Amino acid sequence: PNDAIALVNGRTIREEEYTRAVALLASDKRTEVTEADRAHVLTRLIEEELLVQQGIAGGLVDANPTVRQAITQAMLASIAAESVSTQPTEEALRAFYTENPSLFARSGPSASGQGETAGTAEEPPAFEEVQEQVEAAYLRRTRGDALREYLQWLRSEAKVALAPEARPNTEEVDRGLE
């Protein structure tokens with residue numbers, strides 16, 4: 001690839017990755033980044049890639065729960081970041097607010113004023129009063145929807161076979177649906 005700074009067993013280390021690593025080093029240094037520093041950064045990126053490749057070849061992904069959890073968390077973060085790569089417009093937030101009033105309605109004392117402890121739902125506050133909460137709820141919903149869609153796509157592409165002892169008894173499943 002045109003943006004490759006190195007190839008390690010066919011895996012590309014991209015110039016963007018290298019530039020980001022050099023910038024990180026520069027932010028930690030009090031002096032200018034030297035050519036030796038740049039060479040050191042590239043060496044570290046190559047060594048990191050070699051270690052990752054060896055870990056995969058050695059079965060760490062399959063055998064180590066910590067590695068699996070790190071990959072899962074990284075995938076979740078990636079899906080979340082992609083799902084909200086741009087800020088929602090005020091129009092989208094207002095539409096979400098209008099479609100989901102119960103998310104923003106406040107509970108208060110009953111309208112009778114009898115001092116009852118059970119609250120009743122009031123009208124939601126003005127959009128401007130809760131715009132930050134609306135945006136947070138909108139982003140949570142967007143991330144959740146994106147994750148569900150992605151997982152559904154993964155399932156549709158995967159071949160999954162359950163061991164006989166893991167298969168649910170159809171009678172139990174039928175009873176669970178009643």
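Summing -39500 (n - 2.57) over the DSSP H runs of n ≥ 4 in the chain and dividing by its residue number, what mean residue ellipticity at 222 nm do you reach, to the nearest 500 deg cm²/dmol?
Roughly -19500 deg cm²/dmol at 222 nm, from the helical runs in the chain.
Pick out, in residue order, every one of the GluC sites (Glu not before Pro) in the range 30-103 that is DSSP loop and has at most 13 other C-beta atoms within 10 Å; say none if there are none.
Hits after loop and neighbour filter: E32.
With every atom except the alpha carbons ignored, what do you get for Rg and Dmax of the range 1-84, in angstroms?
For the range 1-84, the Cα radius of gyration and maximum Cα-Cα distance read 15.5, 43 Å.
Just tell me the longest site-free run in the chain, where the sites are trypsin sites (Lys or Arg not before Pro) in a DSSP loop having at most 13 other beta-carbon atoms within 10 Å.
Longest stretch, sites excluded: 31-105.
Here, each number is a calculation from the coordinates, and none is a lab measurement. Keep in mind the model is a prediction, meaning the values are calculated, not measured. Quick reminder, even Gly has a Cβ in these numbers, built from the backbone with ideal geometry, and neighbours come from all protein chains shown.
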